[in-house]
1. Among all stretches of the chain without exposed GluC sites (Glu not before Pro) (DSSP loop, at most 12 other Cβ atoms within 10 Å), which one is longest?
2. Quick one: of 32/59; 91/146; 65/171; 59/171, which pairs are farther than 23 Å apart, Cα to Cα?
3. Within segment 160-212, list the trypsin sites (Lys or Arg not before Pro) lying in a DSSP loop whose Cβ has at most 16 other Cβ atoms in a 10 Å radius.
4. Among [x] 19, 42, 35, 4, 0, 0; [y] 24, 55, 21, 0; [z] 25, 56, 17, 2, 0, only one was calculated for this model; which label is it, if the read-out is P(r) over Cα pairs in 20 Å bins from 0, in percent?
5. Measuring from label point to label point, each 7 Å out along Cα→Cβ, what is the residue 175 to residue 301 span in nm?
6. I need the helices of the chain that pass two filters: whole DSSP H segments spanning 30 Å or more by Cα along the axis, and mean Kyte-Doolittle score no lower than -1.0.
7. Near residue 268, within a Cβ-to-Cβ distance under 12 Å, what is the net charge of the other residues, with Lys and Arg +1 and Asp and Glu -1?
8. Quote the relative contact order of segment 89-166 in percent (integer), defining contacts as alpha-carbon pairs under 8 Å separated by 6+ residues.
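Just so you know, all these numbers are worked out from the coordinates, no wet-lab data involved. The model shown is predicted, which means the values in this text are computed figures rather than measured ones. With ideal geometry, Cβ positions are generated from the backbone for all residues, glycine too; neighbour counts draw on all protein chains shown.
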Amino acid sequence: MSMSHDNTIIGLDVGTCNTRFVVAQINNEEKKIKILGVGQAPSTGMRKGVVVDLEETIKAINQAKEIAERISGYPIDRAYIGVNGNHISCKPNKGVVAVSRADGEISAEDVERTINAASAICLLQNREILHVLPRYFIVDNQDKIKDPVGMSGIRLEVEALLIEGSTPFIKNLTKCVVRTGVEIDGLILTSLASAQAVLSNRQKELGVLSLDIGGSTTGLTVFEEGDIIHTQVLPIGSSHVTNDIALGLRIPVDVAEKIKIEYGSVLPEEFSKKDVIDLSAIEGGGDGLVTKQHLAEIIEARMSEIFDFVNKELKKIDRQGLLPAGVVLTGGGAKMPGLVDFTKNKLRLPAQIGFPVALDGIADQVDDPCFATVVGLALWGVNRQKKFNKSNLLNFSSNKRVVQLVRWFRRFLP
């Protein structure tokens, strides 16, 4: 039985440090999403969000897949895949069409044609569109319309945000996934997926920044009036912090990672010179003492650099210090002690750590900012399936032409 037909949706996040699967099931009666299984394996074939070693990446996907299959009892044969890396870029674009019906009533087909017109842009070689995200529609001269279907007018426009990526990087990732026997249901930008998992509609309406601090990338997505207004992937993340600790304390990277997790903080002022770490107590750490203050200073310097980049991105769109719902932090880097206060000071905005939304089943296993992306990928699939069930297109999925149409149309769903 096909996964999409038994209400099971699977997300796969191939990260720089870890590869994760989440198997989720939609309970239509209770309208709840149940987590059936989770699989996680360390990644070694990725760097800065892109594949640098095919075989190692395939191995990590297979390991995570086996664990998720064992826990959930489901064979994983398809999934929604997260795409990451600083090859991703976004640009606003407009689409304009004439309303087709003689009586001027706008139909779903008109909306589809408008979105299609917005995606018809000249891309540089080896670039492809990942998402076309409609922000709002304009009917004649009335703008900020969320859903124009059923309204009357002569001219229909859409203001959309196009998210594009590098075709070779995307192909390398899809090649790894397909070689593990997993069919791709859709490709979703990872920072959009993590935002999907942790943000409420109210936060998106007010204005919010979702900041996904991963191993070697930081994804930022800004929402306002319910829509994405900007997204960017920065090529810097928490593994850079680990490397700085290794260099600063002259210790192996593995030991630096242990010290970061156990003693790390982003607020040096919280420690006195008497607070010390005995390196000999850590396996492979060698001898000597390090003050927690010095460790926090190393971490603070790198996190300041990341947040300076974030501020630059907010400045580009005139939202620096101007998002009422503040910052929601996700990803492994979000767990750094003191980061919420640090974020408030650096970005001059309210801040909190984002946990995946209320879920059923073994939800405690994904109740962690690390799992925001992969849970978001599954939720993206759930939302997409709801939209297609409404339009009844899935009933005709045996028709090849319709399957192609469905796949084409899927690109436009937020």
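1. Counting only loop sites that pass the neighbour cut-off, the longest clear stretch is 31-282.
2. Flagged as over cut-off: 32/59.
3. Those satisfying the criteria are 179.
4. Read-out taken from this structure: [z].
5. 3.9 nm
6. Length and hydropathy pass: 292-316.
7. Value of the local net charge: -3.
8. It rounds to 45 percent for segment 89-166.
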